[in-house]
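The block underneath contains the structure these notes are about, expressed in structure tokens.
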Amino acid sequence: MFFCAKTDIMAKLVSPSMLSANFLNLENDIKMVNDSEADWFHLDVMDGMYVPNISFGLPIVKQINKIAKKPLDVHLMIAQPERYIKDFKAAGADILTIHYEASTHLHRSIQAIKAEGMKAGVAINPHTNVTLLEDVLKDIDMVLIMSVNPGFGGQKFIEQSIHKIKRLRMEIESSGAQTMIQVDGGVDNTNAATLYDAGADCLVAGSYVFKANDPQEAISLLKKA
Ligand SMILES: O=C(CO)[C@H](O)[C@H](O)COP(=O)(O)O
Ligand SMILES: [Co+2]
């Protein structure tokens, strides 16, 4: 399943974050995700400016795209993301998520992502109120609620995020939008069911999946939560 509206079917998607994969043997972890119940590949691109960490960029996304058999869900944590929309399309991104806080002309950037034929996502940090997305909700395919401060894997889930998911779900339903809700940061088998119940459609998990003894089983547990 690539995208599905909440109203059609209860979507429970899982997008493992490759930030926590083994970069000495990335091919192995890509194949593991290919053969798992995961729906997408979550690729965290960080520039050391918008967030304090630097992860990987276009060359790695291009390489992953060569063997990934599932959509590439690219989470851009970079300043002025509009500069790289065409490049990430060329690298193989299917879903391109940019940060509300990093975008001066958010509406224009959303249109540019869609014009390239990608699904458009907007991410919001823990301090950003979901109501700020009201005027673009119908234009976007997905809202990514950051449940940690962006920049690093392995952080503790921020509980206030549950309230944000519920509030955004109510806003989406009352506006008639078909936007999906993705939750990213500190997700594991102890909070997955609560997040889906609150209204999340897609969970991102990095350290929970890749630190597990059996990563495919960890993905299955999130799908079944
Ligand atoms: O966007 C991110 C960090 O900015 C990552 O996707 C997120 O942190 C996933 O890692 P973990 O599941 O280990 O928290
Ligand atoms: Co992410």
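The values are calculated or read from the model by the stated rules, or taken from the named source; none is laboratory data. Predicted, not measured: the structure shown is a model, and the values here were computed from it. As a convention, Cβ positions derive from the backbone with ideal geometry for all residues, glycine included, and neighbour counts pool all protein chains shown.
The condition (being touching a helix residue (DSSP H, G or I) at 6+ places or on another chain (Cβ under 6 Å) and surrounded by 19 or more Cβ atoms within 10 Å (Cβ to Cβ)) is satisfied by just one residue among VAL74, VAL33, VAL45: VAL74. Entry remark, the range 68-85: residues being more than 17 Å from GLU101 (Cβ to Cβ), assigned to a loop (DSSP other than H, G, I, E, B) and either aromatic (Phe, Trp, Tyr) or within 15 Å of ligand 2 (Cβ to nearest atom) (or both) number 1 in total.
Can you find even one residue in the range 121-134 that is over 18 Å from GLY199 (Cα atoms) and among the charged types (D, E, K, R)? No: zero hits.
Exactly one residue out of GLY153, GLY186 is touching a residue at least 60 places away in the same chain (Cβ under 8 Å) and within 16 Å of ligand 2 (Cβ to nearest atom): that is GLY153.
From the list ALA38, ALA11, the one residue that fits, being within 15 Å of the chain's Cα centre (by Cα), at pLDDT below 95 and of a type in the set (Gly, Ala, Ser), is ALA11. Among the residues making up the range 105-138, those that are surrounded by fewer than 17 Cβ atoms within 10 Å (Cβ to Cβ) and either touching a residue at least 60 places away in the same chain (Cβ under 8 Å) or not in a loop (DSSP other than H, G, I, E, B) (or both) are HIS107, ARG108, GLN111, LYS114, ALA115, THR131, LEU132, LYS138. Taken over the range 184-207, the criterion of being within 11 Å of ligand 1 (Cβ to nearest atom) and over 17 Å from ILE145 (Cβ atoms) is satisfied by SER207 alone. Each residue in the range 174-199 was checked for being of a type outside the set (Val, Ile, Thr) and touching a Lys or Arg at 6+ places or on another chain (Cβ under 8 Å), and 9 pass. If the condition is being away from ligand 1 (no atom under 16 Å from the Cβ) and either in contact with a Pro (Cβ under 6 Å, 6 or more places away or on another chain) or under 26 Å from PRO52 (Cα atoms) (or both), then the range 114-159 contributes ALA120, ASN129, VAL130, LEU132, LEU133.
Scanning the range 166-180 for residues that are within 16 Å of ligand 2 (Cβ to nearest atom) and free of Cβ contacts under 8 Å to residues at least 40 places away in the same chain yields no hits at all.
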